[in-house]
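Q: Here's a structure for you.
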Amino acid sequence: MKDYQAQIEKLRKDAAECAMIRELATDKAKRDMFDRLASHLTVLADQVEMVMLERKSSAK
């Protein structure tokens with residue numbers, strides 16, 4: 001479970017960094033790319049969290 005939690009935290013941190021870069025980017029193409037990256041990383045973190053919760057509930 002600690003591995004899952006560590007991955008979730010890393011994905012969320014990376015998503016936040018992409019969102020920050022998106023806000024600072026002056027080029028529209030870069031803003032769009034970092035927006036997609038932030039969204040994608042957030043979805044990945046959500047999916048890892050769902051798997052973690054499913055495994056936790058099925059272990060009971």
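Computed from the coordinates by the stated procedures, all read-outs in this text should not be read as laboratory data. Owing to the predicted nature of the structure, the values given are computational and were not obtained by experimental measurement. Note: ideal-geometry Cβ built from the backbone for every residue, glycine included; neighbour counts use all protein chains shown.
Q: Pairs under 6 Å by beta carbon, first residue without any contact (Cβ under 8 Å) to a residue 24 or more places away in the chain and under 14 Å from Asp46 (Cβ atoms) in the range 1-14, partner surrounded by 10 or more Cβ atoms within 10 Å (Cβ to Cβ) and not charged (D, E, K, R), six or more apart or different chains?
A: So the pair list comes out empty.
Q: Do you know which residues across the range 1-35 are of a type outside the set (A, V, I, L, M, F, W, C) and within 27 Å of Glu54 (Cβ to Cβ)?
A: If the condition is that a residue be of a type outside the set (A, V, I, L, M, F, W, C) and within 27 Å of Glu54 (Cβ to Cβ), then Lys2, Asp3, Tyr4, Gln5, Gln7, Glu9, Lys10, Arg12, Lys13, Asp14 are the ones that fit.
Q: Which one of Thr26, Thr42 is out of contact with any Asp or Glu (no Cβ under 8 Å at 6 or more places or on another chain) and not in a helix (DSSP H, G or I)?
A: Step by step, each of Thr26, Thr42 is checked, and only Thr26 is out of contact with any Asp or Glu (no Cβ under 8 Å at 6 or more places or on another chain) and not in a helix (DSSP H, G or I).
Q: Let me ask you something else. Could you please tell me which pairs satisfy a Cβ distance under 8 Å, a separation of 6+ or placement on different chains, a first residue in the range 28-48 that is over 17 Å from Leu11 (Cα atoms), and a second residue that is of a type in the set (Gly, Ala, Ser) and not in a helix (DSSP H, G or I)?
A: Note: pairs meeting the criteria are Arg31/Ala25.
Q: Suppose we keep only residues that are hydroxyl-bearing (Ser, Thr, Tyr) and surrounded by 11 or more Cβ atoms within 10 Å (Cβ to Cβ) within the range 17-60. Which one would you say is nearest to Gln5 (Cα to Cα)?
A: Here the residue is Thr42.
Q: State which residue is farthest from the chain's Cα centre (by Cα) when the search covers only the range 1-15 and only residues that are loosely packed, with under 13 Cβ neighbours inside 10 Å and in a helix (DSSP H, G or I).
A: Step one: list which residues in the range 1-15 are loosely packed, with under 13 Cβ neighbours inside 10 Å, which gives 1-3, 5-6, 9, 13.
Still in the list and also in a helix (DSSP H, G or I): 2-3, 5-6, 9, 13.
Details: Lys2: 17, Asp3: 15, Gln5: 12, Ala6: 12, Glu9: 8, Lys13: 7 Å.
Ranking the qualifying residues of the range 1-15, first place goes to Lys2.
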